[in-house]
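Student: Have a look at this one before I ask anything.
The values are calculated or read from the model by the stated rules, or taken from the named source; none is laboratory data. As the structure is a computational prediction, the values presented were derived from the model and not from experiment. Please note: Cβ atoms are built from the backbone with ideal geometry, for glycine as well, and neighbour counts cover all protein chains shown. Just so you know, the surface numbers come from the protein's heavy atoms only, side chains and all, with ligands and any DNA or RNA stripped out. Shrake-Rupley method; radii C 1.70, N 1.55, O 1.52, S 1.80 Å.
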Amino acid sequence: MENKQFKIAVTFGRFNLLHKGHVMLFQQMADYADEIIIGLSNNSKNLSFADRKQVIDLALAPLGINYTVVEASNPFELFELVSDKEPNLVTAFFGEDQNSLAIAAHRVYGWVPKTIERLSSSTVVRTLIDNEEWDLLGKIVPSRIISNVIRLRTYERNRRPSTVLPYNSATN
């Protein structure tokens, strides 16, 4: 293993509809650290952990990155997993839209935060799929996961919480 600047790089997000910007984030983390830890929010608005992890696994498989995917209710739950490490061994990576979280990781844990330019968003991916703009979608979603991302968007679009209580004959 080559000698990298950090032992661990962490990030946290939804990663509902993975795109090339996410993959670039993970690649940059791997350039700086021996191991990367990807935290997935388990907020009820997110797709299932298993589905999102599967897409991450497919996207990263050919890249040879040493990574772990962890489910967490908030970023600090994830950060606590590595908080016992020396601050100079850990870095926190985020997209530029999460700058306040990078600052918090530095303030609380002393980690060197890294931010990368936001290349796209899951909102853009949703719009392209919903509008069937396949040529543009192919530019921002890696080809090896594009059908999985479309499947997740279909699931995301079709799941709606029930607002009707089930009929219970014992109480009516």
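Student: Please give the length that would be gained between LEU58 and MET24 if that part of the chain were fully extended, namely 0.36 nm times their separation in residues minus their C-alpha to C-alpha distance (nm, one decimal).
Tutor: The span from LEU58 to MET24 would gain 10.8 nm if fully extended.
Student: Show me, bin by bin at 5 Å from 0, the whole-percent P(r) of region 50-95 based on Cα pairs.
Tutor: 5, 15, 21, 24, 21, 11, 2
Student: On average, how much accessible surface per residue is there in the chain, in Å², for a 1.4 Å probe, leaving out ligands, DNA and RNA?
Tutor: Accessible area per residue, the chain: 56 Å².
Student: Please report, for the Cα atoms of region 1-139, the Rg to one decimal and the Dmax as a whole number; what are they, in angstrom?
Tutor: My reading of the Cα-based Rg and Dmax gives 15.0, 48 Å.
Student: Now a separate question. Just going by the charge dipole of the chain, with Lys and Arg at +1 and Asp and Glu at -1 on Cβ, which of PRO113, PHE12, PRO87 is farthest out on the positive end?
Tutor: PHE12
Student: With each pseudo-label sitting 7 Å past Cα toward Cβ, what's the PHE76-LYS139 distance in nm, one decimal?
Tutor: 4.1 nm
Student: Suppose the chain between ILE116 and ASP84 were pulled fully straight at 0.36 nm per residue; how much longer would it get relative to their current alpha carbon spacing?
Tutor: Net length gain for the segment: 9.0 nm.
Student: Separate question: Roughly speaking, what is the stretch gain from ARG159 to HIS106, that is 0.36 nm per residue apart minus the C-alpha to C-alpha distance, in nm to one decimal?
Tutor: The span from ARG159 to HIS106 would gain 15.3 nm if fully extended.
Student: Give the angle, between 0 and 90 degrees and rounded to the nearest 10, that separates the Cα long axis of helix 49-60 from the longest principal axis of the Cα atoms of the chain.
Tutor: Here the helix axis deviates by roughly 50 degrees.
Student: Next question. For region 1-66, which trypsin sites (Lys or Arg not before Pro) are in a loop by DSSP, counting at most 11 other Cβ atoms within 10 Å?
Tutor: Hits after loop and neighbour filter: LYS45.
Student: Moving to a separate point now. What span do the alpha-carbon atoms of region 4-47 cover on each of the three principal axes, reported in whole Å from largest to smallest?
Tutor: Principal extents (Cα only, largest first): 36, 19, 8 Å.
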